[in-house]
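Please treat every number below as a calculation from the coordinates, not as lab data. Computed from a prediction, not measured in an experiment: that's the story for all the values here. In this analysis, Cβ positions are derived from the backbone assuming ideal geometry, glycine residues included, and neighbour counts consider all displayed protein chains.
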Amino acid sequence: MFAYAQKESIEKRYKPLGQLGSGATAVVKKYQHRETGKDYAVKTINKKEIQEKILKREVDILLHLSHDNIIKMHDIYEGTNHLHLVLELVTGGELFDRIVKVGTYSEVVAAKAIQQILQAVQYLHGNGIIHRDLKPENLLYAHPGDDSAIKIADFGMSRMLKPDQVEMMTCCGTPGYVAPEVLLGKMYDGQVDLWAVGVILFIMLGGYEPFAGDDSSDAKIYQRIIKCEYKFDEDYWKDITLSARDVIAKMLVLEPKSRLTAGQCLDHPWVKGLGAKDEHLEKCVTKIREFNARRKLKGGIYGVIGANAMLQAIRKLAQ
Ligand code: PIT
């Protein structure tokens, strides 16, 4: 199935260590290369539980990518039932877990993180790839140090598009981060990733989700997304610069063509760190801590949109 994959047992070359994470169709474990002693993250996929086409797509995309802010693939091993992707090991934890752990968290810290994410997105889009599932869980720090880079993980949802090609809705994305054009079943392109970055940055500075209210059923969230109904609640935003709000407001725009591109965001003064304040955001950290707790509690149900029926209903409502 994968011509370029190693056919010998992965355990011959790598020693399995502990588990790092698990999803619906894959587990990620730490492995050590027996000869070099170097550690890797190995994503093991059960080939029977996933469509060949989808699996090929993820592997193809990973093979093509080389960027400092994207987790690299080093090797592939293929057995009868499983595929093992040998990936760069990152040990710094998720972006949102780090925010609540570090001593000081400011707009400057947030801008540095968003700049790296946007650089990765610009690289992806330049190579005709849409990530389609950008969310806090997929943003990982390379190592625990202060100077650690952020790396984007999980290309299980991503798509390769030829220039100017647009895609029709294939059910994807995680509720809170899905762009309106996807929900409405319109043609879409890489701009869906900029919407997701806008949502992520909104949470990073406001400490709450722009489209989830207290009554956050998925249906309610979708309804707000398709109307781009969100606001900068003064209770939480009064200490945040207007420059930060400006770039968010230019990402959370209904019309994909009017939304800033990754390159345009990178030119924004706030993203460059010029407009960002270096004042500790205590209230925001407290809110993100609550957000993290809710997110981990929801776990499974907060996953990928599976219910097509729900989306059909939303589209009817929008007509
Ligand atoms: C790590 C540590 C960890 C998870 C991962 C890597 C996962 C990486 C990954 C997963 C994918 C993908 C690309 C990268 O397409 O806890 O070093 O599905």
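Structure above, values below:
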item: Trypsin sites (Lys or Arg not before Pro) restricted to DSSP loop in the stretch 1-66 with at most 13 other C-beta within 10 Å; result: Lys7, Arg34, Lys38
item: Amide H contacts under 5 Å for Gln6, placed H, 5+ residues apart; result: Ile76, Tyr77, Glu78
item: Residues with amide H under 5 Å from that of Lys15, placed H, sequence gap 5 or more; result: Gln32, His33, Arg34
item: Net charge contributed by nearby residues that have their C-beta within less than 11 Å of Tyr177 (K/R +1, D/E -1); result: -2
item: For the stretch 240-291: Kirkwood Rh in Å [reciprocal of mean 1/r, alpha carbons]; result: 12.4 Å
item: Net charge of Cβ neighbours under 14 Å - reference Arg98; Lys, Arg +1; Asp, Glu -1; result: -1
item: Förster-model FRET efficiency, 41 Å R0, Glu11 and Lys162, C-beta, rounded to 0.05; result: 0.55
item: Spacing of the two label points (7 Å from each Cα toward its C-beta) at Lys101 and Leu242, in nm; result: 3.8 nm
item: Kirkwood Rh in Å, taken over the stretch 33-182 so that all alpha-carbon pairs contribute; result: 16.8 Å
item: Shape category assigned to the stretch 80-162 from the gyration tensor of Cα positions, a/c cut at 1.5; result: oblate
item: Approximate spin-label separation Ser217-Asp278, in nm, with each point projected 7 Å along Cα-to-Cβ; result: 4.9 nm
item: Given charges at beta-carbon only (K, R positive; D, E negative), |dipole| of the chain in Debye; result: 720 debye
item: Local electrostatic count, Lys231, Cβ distance below 14 Å [Lys/Arg +1, Asp/Glu -1]; result: -1
item: Sequence-distant lysines (8 or more away, or on other chains) whose Cα lies within less than 26 Å of Lys7; result: Lys15, Lys29, Lys30, Lys38, Lys43, Lys47, Lys48, Lys53, Lys56, Lys72
item: Relative frequency of Cα-Cα separations exceeding 28 Å in the chain, percent; result: 41 percent
item: Estimated [θ] at 222 nm from DSSP helical runs (n ≥ 4, -39500 (n - 2.57)) normalised by residues in the chain, nearest 500; result: -11000 deg cm²/dmol
item: Phi-based couplings in Hz for the stretch 103-109 (Karplus 6.51, -1.76, 1.60; Gly and Pro marked x); result: x, 10, 10, 9, 4, 4, 5
item: Proximal lysine pairs, the stretch 107-240, alpha carbons under 25 Å, eight or more residues apart or interchain; result: 17
item: Theoretical gain in end-to-end length, Leu63 to Ala3 [0.36 nm per residue, Cα-Cα removed]; result: 20.3 nm
